[in-house]
Structure formats: C-alpha cells, structure tokens
1. Among the aspartates and glutamates, which fall within straight-line cross-link reach of residue 14, defined as a Cα-Cα distance under 12 Å, with same-chain neighbours fewer than 8 residues apart omitted?
2. So, counting K/R as plus one and D/E as minus one, what does the shell of residues with Cβ under 13 Å around residue 89 add up to?
3. Can you tell me, using C-alpha contacts under 8 Å and at least 6 residues apart, the relative contact order of segment 103-232 as a whole percent?
4. What are the radius of gyration and Dmax of segment 149-234, computed over its Cα atoms and given in Å?
5. Quickly estimate the mean residue ellipticity at 222 nm for the chain, helices only: each DSSP H run with n ≥ 4 gives -39500 (n - 2.57), and the total goes over all residues, rounded to 500.
6. Could you tell me the largest-minus-smallest coordinate of the C-alpha atoms of the chain on each of the three principal axes, in descending order and whole angstroms?
7. In the neighborhood of residue 79, defined by Cβ-to-Cβ distances under 15 Å, what is the net charge if each Lys or Arg adds +1 and each Asp or Glu adds -1?
8. Write down the radius of gyration of segment 184-245 and its Dmax, each obtained from C-alpha positions, in Å.
Amino acid sequence: MQNVNDISDTLIIKHLSHADYEQAHAQMLARTLDRIAEKKAGLPTPDELWLVEHNDVYTLGQAGKREHILNVTNTPIIQTDRGGQVTWHGTGQLVMYWLFDLNRLGWSVRDLVSHAEQCVEDVLNAQLKDGLMAHARQDAPGVYIYKGEFDVNHPEKYLMGKIASLGFKIKHGFSYHGLALNVRCNLTAFDAINPCGYQGMRMLNVQDVSKNADDLNYVSLFDLPLVTAMVENIEKRRMGEIELR
C-alpha cells in the first residue's frame, strides 16, 4: 500500500486536447468532490495537473458581468464557478488546471496564485526577447509583458499587454481551475470582450515576444519545451524546491 508521503510526492499529469469546456469542467469538479470525500474518509489522493487545449469558448467567472461581452459571436458563452470576469479559451492557448490539496501543501489561496504567476514569470523570462520582461502585478491577477522594466507604483507604465490569465476555485481546501497562457492563439477572439474585465487590455502571445518564436510552430502544444519547463517548475514548487519570492 502506498503511504501518505508517497501520495504527497505524486503529481498526476493529464492531457486534454480539443476539449469541450463543459465536459472538462464537469470532470474536474467531479474529481475534486471525490478527493474531498476520500480525504474525509482518511484516504489521501495525489494532486493532479491538467494540461488542456479547449475548443473555442468564452467563460464568465462567478462575479462575471455580461457588460464585458462587447459582441456576441458564434462562440459559446458559458457561466462557470471560477473567480474572475470574462475570458476566452481556444486553439493555441495552454490551460493548466491545478487540482491541488492546499492544506496538505501548506499553501494559502494567495500562495497558490503567486506560485502560478511566478511559474509563468520564471519560464517566460528565460526566453523573452531582449529588453522584455514578464511580471505579475498586485492590482490585477495574471502575468503581463513589460518593455524595459516594471514600475510597481505605476503598473501601466511600460506595459505591452497581458499574456496569462488566472482564475481559481477552492472547495474545502482543494483547488481547481487555474491559469491560461496565450501561446499561439488567434488573438482577435479577445476583441469581442473586455479581457478579465479590463477595457482595452491588449492580449499577447508567447509567439509575439519569445526569441524562440519559430520553435512554437512545429509540434503539438503539449510537446513544446515551454510546457515541459512549466510542468517541471510546478512540480518543484509542490516539493518545496522553489519558494515564493
């Protein structure tokens, strides 16, 4: 029988391509509810990281306001239970769902958000074009690209655009939902909304800002070195090998 420490060390990686949003959400919620029940019964379960590329969809968070949908298109609009406002998911975007037992990890919700943001910062800053930097900001969750530097007192200064969006849900100490990183999307999909509720927010692709842009075209999304690096970074954070800054 596997002991608790072995379970704590295990991270299951799941891949879903061309995923229907509602089906993926139902599976994710069901798995979280099962884990809650199993923990109450004294049965530990391993954390899971789901790597997903969705079919095109707009999703509204729990407090999402319809006024941030500027144009209704043929793309479905779905109300969901994560935090945040409206966003788009679809082809060329990497979605990472973090199904983690936060209490076992000793993480607060703020820790979870910071780990997600800093993971993106770590991986992107290793491959951005000269003079660019990826940085999170306290006033608006997510990761943004800056030209030159980040001014914490004036976060709009030097801002080029947003590259990763976050939205989590916590039930009884278990997290689900996660982050969405624009890798090689058709960004015109964001023209129909105020992304994450911010009017005029420019969205960017990794392809726009990476010095290795050509490498992003020739393999599936899940096989990109960028994705491998993010998974490795997350695994190290779970094991306490990378601490929050």
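Quick note: the coordinates plus some simple rules give every number you see, no bench work behind them. Values in this document were obtained by computation on a predicted structure and should not be read as measured data. Note that we place each Cβ from the backbone using ideal geometry, even for glycine, and neighbour counts take in every protein chain shown.
1. 47, 48, 53
2. -3
3. It rounds to 20 percent for segment 103-232.
4. Expressed in Å, the Cα Rg and Dmax of segment 149-234 come to 15.2, 43.
5. Result for the chain: -8000 deg cm²/dmol, rounded to the nearest 500.
6. 52, 40, 38
7. On the way: positive: 65, 66, 82, 169; negative: 22, 67, 81.
Residues close to residue 79 contribute a combined charge of +1.
8. 15.3, 41
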